[in-house]
Structures are given as structure tokens and as C-alpha cells.
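The values are calculated or read from the model by the stated rules, or taken from the named source; none is laboratory data. Keep in mind it's a predicted model, so treat the numbers as computed, not measured. Methodologically, a virtual Cβ is constructed for each residue, glycine included, from the backbone with ideal geometry; neighbour enumeration extends over all protein chains shown. Just so you know, the surface numbers come from the protein's heavy atoms only, side chains and all, with ligands and any DNA or RNA stripped out. Shrake-Rupley method; radii C 1.70, N 1.55, O 1.52, S 1.80 Å.
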Amino acid sequence: MDNLNLDQHISRQFNADLEELKTQLLEMGGLVEQQIIDAVTAITSADSDLAEKVLVVEDEVDNREVTLDENCTMVLARRQPAASDLRMVLAVAKINRDLERMGDEAQKVAKMAIHLNEHGEAPRGYVELRHIGSLVHQMVIMALDSFARFDVDLAVKVAHEDKKVDQEYKSAMRELATYMMEDPRSISRVLNIIWSLRALERIGDHAANIAEHVIYLVKGLDVRHISVKEMERQVNESD
Amino acid sequence: MDIAQPLDKIPASSSEPAAGKAINVKEGVDQDTPVPAKPVGNPFVDDPKMKLRDVEVFYGDEQAIHGISLDIGKNEVLSMIGPSGCGKSTFLRCLNRMNDTIDICRVKGSLHLEDQDLYDPKLDVVELRARVGMVFQKPNPFPKSIYDNVAYGPRIHGLANRRSDLDEIVETSLQKAGLWKEVKDRLHSPGTGLSGGQQQRLCIARTIAVSPEVILMDEPCSALDPIATAKIEELIAELSENFTIAIVTHSMQQAARVSNRTAYFHLGKLVEVNDTEKVFTNPDHKLTEAYITGRFG
């Protein structure tokens with residue numbers, strides 16, 4: 001059912017509760033998204049101040065995760081939601097967790113940025129960071145939009161994008177590994193880039209998780225642990 | 001996308017919908033939303049205890065039930081939910097001909113308990129009600145002792161020849177109803193002296209004393225407190241091992257907790273029948289969804 005009609009309950013307070021969950025989650029999404037942009041900019045343009053900012057925002061994200069979790073618990077206890085309402089609360093709780101983990105990964109990138117600034121920049125890998133960074137950022141935007149609009153097609157797109165990111169990540173790994181073999185003195189600095197790439201790739205995975213939660217929320221389908229093709233098939237079948 | 005596209009060229013941030021965009025609403029659902037001609041889901045089962053086809057009920061000229069077809073499976077708990085006046089109680093009362101007591105009520109269609117036509121004119125209704133027992137909304141023990149309340153049915157149906165047989169029936173019935181421990185020392189005090197929850201369990205003991213095959217329950221917990229309700233629900237789970245149970249309830253949580261399948265009634269029609277788990281997490285019809293999520297009622 002694409003139409004979730006969240007504002008149609010007999011109880012207006014229940015409408016307000018659910019809208020509040022949604023708003024809080026999207027606010028948190030906005031914060032985490034900014035963290036990701038800042039972390040990638042910080043490492044690609046060697047900006048330690050920006051990296052520090054990412055670390056500061058992380059506390060705020062953590063606090064929001066806890067608050068939103070409490071609010072989900074409250075709605076479950078007070079309203080005993082069913083059907084789409086139940087899926088809404090569960091999806092918010094799960095997306096909340098994925099967003100927080102994305103924040104953690106952005107924090108790792110920021111720490112690498114600070115480290116590279118202090119110990120000299122890496123000879124390679126910035127192009128890949130910028131590229132994968134922008135792919136992953138797009139995924140996060142799409143995942144959050146698919147939630148905001150209950151847009152299943154967009155959610156499926158995120159799953160496609162994730163495969164692309166995985167491929168780009170693998171090819172970057174190959175290239176950087178080759179470079180390290182040619183110039184072993186660069187290993188420790190290139191490793192910092194590799195870890196950052198790994199963190200970005202993980203952010204992509206979390207965005208794909210969010211897309212799965214959106215499909216669950218809107219369609220009631222559990223599409224975890226299946227291929228993208230199978231996911232598309234199930235989604236189309238349920239229309 | 002270009003490789004190495006600078007981050008600042010990336011399109012607008014997604015925090016935008018958070019700020020401005022309202023929650024997506026297309027069309028609403030209300031009482032006038034059309035009911036499907038055939039119920040969605042699985043109204044029929046492989047081994048039905050009761051087969052009900054094209055059931056129509058009229059009160060005078062007023063049609064209360066519009067052609068409902070439904071199976072109740074052996075040893076299943078089927079819950080029937082729906083807004084007030086949707087016909088769920090009327091439908092339930094057809095299943096042991098309780099509607100016979102209302103003069104203006106007419107029932108059409110084919111209703112079978114296994115091979116027995118429920119509306120066969122030759123059928124003894126008292127016999128039928130021994131096979132299909134009923135528990136009502138308000139506990140209604142007879143103004144007799146606890147013992148006699150339970151022994152009444154077996155006596156009139158001649159199920160016990162000796163006093164010791166009757167004693168045994170009373171004891172096992174009270175045990176199955178989870179009331180034995182509480183009343184075994186005062187079997188001869190009046191049933192009306194028990195608490196509401198105990199009285200309801202006494203009524204259940206009275207119902208099962210005649211070894212019915214099907215138990216109908218019409219909002220059995222709506223007059224009870226949460227503890228008594230929990231005990232009845234526990235009892236329903238245990239009883240379903242030996243009996244087929246159909247329960248009408250206004251409590252959706254109760255339907256979700258106790259039943260295997262749930263039927264959603266709306267304006268005298270059947271909208272959806274599905275496994276309970278499905279109905280409460282991802283119902284097929286939007287009317288069901290609207291009702292169980294409290295969007296109208």
C-alpha cells in the first residue's frame with residue numbers, strides 16, 4: 001500500500017506522534033548527510049577544522065539516536081500500532097540505527113583526515129575518495145528521499161547504486177594495492193586512504209539497508225539478504 | 001556521473017524534505033470506500049469444521065449480512081473483527097442458530113457443521129447447541145451453585161448416568177476452564193458470587209461440559225479486567241487443542257494474540273480473511289488497514 005495516510009487516525013495525538021518520528025528521523029538524516037559531505041571534503045582538501053566539526057556533530061547524532069529510540073518505544077507502548085503504523089515505527093527504529101552507524105563511519109574518515117594532515121598527505125587515492133564519496137552521498141540522499149516520500153522505486157535504485165559503489169571500491173583497492181607494492185614507503189599513508197574508502201563503502205551499505213527498510217515500510221516486504229534482481233521482482237509483483 | 005566530480009557540485013541536499021515536505025497523503029479511506037465483491041485473502045481452508053456459503057441475514061426488510069462465504073478450520077481459532085454494526089455478531093449467532101430467538105430474523109444460505117446442515121428443519125436445535133457452544137459478552141451463570149452450573153448441560157443431555165460420572169465431568173470442565181483450583185472448596189456456593197472473570201470462566205466450563213466441537217465466543221472479555229482477560233486468552237489457546245473456536249472481539253490486540261486467522265467484516269460484508277500475522281502486519285485490503293490502525297471505526 002503506497003498510501004500510508006499517516007494523518008488519518010481518529011486519535012490526532014497518534015498522527016502527531018508518528019509525524020514527529022518521521023520529522024526527527026529526517027532531521028537526523030540531514031545531520032548525518034552533512035557529516036558525510038564534511039568528512040569527504042575534509043580529507044580531500046586537507047581541512048582539519050572541518051574534520052573536527054564532524055567529530056563534534058557525532059555527539060549530537062548519538063544523542064538524537066537515543067532520543068528517537070525512546071520515542072519509538074513510547075509509541076509502541078502507548079499505541080500498540082498495527083499494520084502500516086507498526087511498520088512505520090519499526091522502520092524508523094531501524095533506519096535510526098543505520099544513520100547512527102553512518103555517522104560513525106563519517107567520523108572514521110574525519111579522523112583519517114586529521115591523521116593525514118599531521119603526518120603528510122598520501123601520494124594517491126584522493127580521486128577515488130572524491131568519486132566514491134560523491135556516489136555514496138548520492139545514495140544517502142536517495143535513501144532519505146525514498147523514506148520521506150515512501151518511494152519504493154527510488155529505494156530500489158539505491159540498491160542498484162550500492163552494487164556500483166562496491167565495484168568502484170574493489171577497483172580502487174586493486175589500484176592502491178598495486179601502488180603500495182611499487183612504493184612501499186607510502187604504505188602507511190595509503191592505508192589511511194584505504195580505511196577511509198572502506199568507511200565510505202560501509203556508508204553505502206547502510207544507505208542500502210535504509211532502502212530495504214523503506215521497502216518493508218511501504219510494501220510490507222522483507223527484502224533483506226536477496227539479490228537486487230529478486231528484490232525488484234518481489235516489489236513489482238506486489239504492485 | 002563524472003569521475004572526481006567535486007563535492008560542491010553535488011545536487012541539493014536531502015535535508016530539504018525534512019524541513020518542508022508534509023507526509024504523503026493521496027486518497028483517504030472512509031466508511032464509503034467500496035467493499036470488494038469477494039473477500040481478499042483465504043476464506044477457505046483444507047479441512048473445514050464449519051462450511052458457510054452465501055450466508056445472508058435479514059432483520060425484517062433490513063439486510064444485515066450480504067452473502068458471506070467462509071470456512072472455519074478444525075482446531076483453529078478464527079477471530080472476527082470489524083466496526084460496530086458490521087454484522088460480525090449476527091454472523092456468529094447464525095452458527096448455532098441463536099438468531100432463531102429473534103422473530104424477524106431470517107437466515108439464507110448454506111451453513112454446515114461437517115455434514116450437518118445447520119438449518120435442516122428436522123435438526124434438534126438443542127442438540128446443535130451442544131455441539132456448537134457459546135460464550136457471551138457478559139458472564140451469565142445460572143442462579144445456581146457452581147457445581148450445578150457446570151452439571152446442568154450434561155444432565156439435560158444425559159451425558160452422565162451416575163453421580164460419580166457427573167462429578168468427574170464437573171471437575172475436568174472446571175480444570176479445563178482454569179477455575180478448579182479457585183472453586184474446588186466451594187462448589188456448592190452460588191455461581192453468581194464469583195468475580196466477573198471467574199464467572200466468565202465458569203460459563204466456559206459450562207460450555208465445554210457437554211463436549212462441544214465448536215465454541216463461539218461473542219466478545220468474551222469485554223466486561224473483564226486485564227488479568228481476567230489474560231486468563232481467558234490463555235484458556236483460548238489451550239482449548240484450541242481440542243475445540244474449534246470462533247471469537248468476535250472488539251479488541252484488536254486480542255484478535256492478534258489469540259487467533260490463527262482473522263476475518264474483517266465491514267457493513268455486513270466480508271472484506272478480508274487472512275492469517276492473523278498477515279492481517280496485523282501487512283493486510284491486503286485498505287479497509288482492513290484503516291480499521292486496525294484506528295483510522296475509522
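For this structure, a couple of remarks:
- Tally of residues being in contact (Cβ under 8 Å) with a residue 24 or more places away in the chain, farther than 14 Å from B:Asn282 by Cβ and not hydrophobic (A, V, I, L, M, F, W, C) across the stretch A:214-239: 1
- Filter result for the condition that a residue is touching a Gly at 6+ places or on another chain (Cβ under 9 Å), within 17 Å of B:Ser211 (Cα to Cα) and part of a loop (DSSP other than H, G, I, E, B), over B:Asn96, B:Asn75: B:Asn96
- Residue within the stretch A:19-42 that is within 12 Å of chain B (Cβ to nearest Cβ), among the polar types (S, T, N, Q) and not in a helix (DSSP H, G or I) present: no
- The stretch B:117-128, residues that are touching a helix residue (DSSP H, G or I) at 6+ places or on another chain (Cβ under 8 Å) and surrounded by 15 or more Cβ atoms within 10 Å (Cβ to Cβ): B:Leu118
- The single residue among A:Ala106, A:Ala143 that is crowded, with 23+ Cβ neighbours inside 10 Å, out of contact with any Lys or Arg (no Cβ under 8 Å at 6 or more places or on another chain) and more than 12 Å from chain B (Cβ to nearest Cβ) turns out to be A:Ala106.
- Taking (1) within 14 Å of B:Pro43 (Cβ to Cβ); (2) free of Cβ contacts under 8 Å to residues at least 40 places away in the same chain in turn, B:Ala256 satisfies each apart from (1).
Results for (1) closer than 30 Å to B:Ile292 by Cβ; (2) within 11 Å of another protein chain (Cβ to nearest Cβ); (3) of a type in the set (A, V, I, L, M); (4) open to solvent by 60 Å² or more (accessible area, probe 1.4 Å), shown as yes or no for each residue.
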| residue | (1), (2), (3), (4) |
| --- | --- |
| A:Ala51 | no, no, yes, no |
| A:Val54 | no, no, yes, no |
| A:Val66 | no, no, yes, yes |
| A:Ala93 | yes, no, yes, no |
| A:Arg97 | yes, no, no, yes |
| A:Arg101 | no, no, no, yes |
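- Only listed residue being more than 20 Å from B:Leu95 (Cβ to Cβ) and either open to solvent by less than 10 Å² (accessible area, probe 1.4 Å) or hydroxyl-bearing (Ser, Thr, Tyr) (or both), chosen from B:Val271, B:Val248, B:Val279: B:Val279
- All of (1) of a type outside the set (Val, Ile, Thr); (2) over 11 Å from B:Ala209 (Cα atoms); (3) more than 27 Å from the chain's Cα centre (by Cα); (4) not in a loop (DSSP other than H, G, I, E, B) hold for B:Asp185 with one exception: (4).
- Scanning the stretch B:225-236 for residues that are in contact (Cβ under 8 Å) with a residue 40 or more places away in the chain, of a type in the set (A, V, I, L, M) and open to solvent by 20 Å² or more (accessible area, probe 1.4 Å) yields a count of 0.
- Screening B:Glu241 against (1) charged (D, E, K, R); (2) under 16 Å from B:Ala37 (Cβ atoms); (3) surrounded by fewer than 19 Cβ atoms within 10 Å (Cβ to Cβ) leaves a single unmet condition, (2).
- Selection within the stretch A:178-210: residues that are hydroxyl-bearing (Ser, Thr, Tyr) and farther than 15 Å from A:His131 by Cα. The member of this set that is surrounded by the fewest Cβ atoms within 10 Å (Cβ to Cβ) is A:Thr178.
- Identity of the residue in the stretch B:70-94, under 12 Å from the mean Cα position of the chain (by Cα) and within 13 Å of B:Ile245 (Cα to Cα), that ends up most open to solvent (accessible area, probe 1.4 Å): B:Glu76
- Flag if A:Glu118 is modelled with pLDDT under 95 and either surrounded by 21 or more Cβ atoms within 10 Å (Cβ to Cβ) or in a helix (DSSP H, G or I) (or both): yes
- Selection within the stretch B:142-157 - under 27 Å from the mean Cα position of the chain (by Cα) and of a type in the set (S, T, N, Q): B:Asn149
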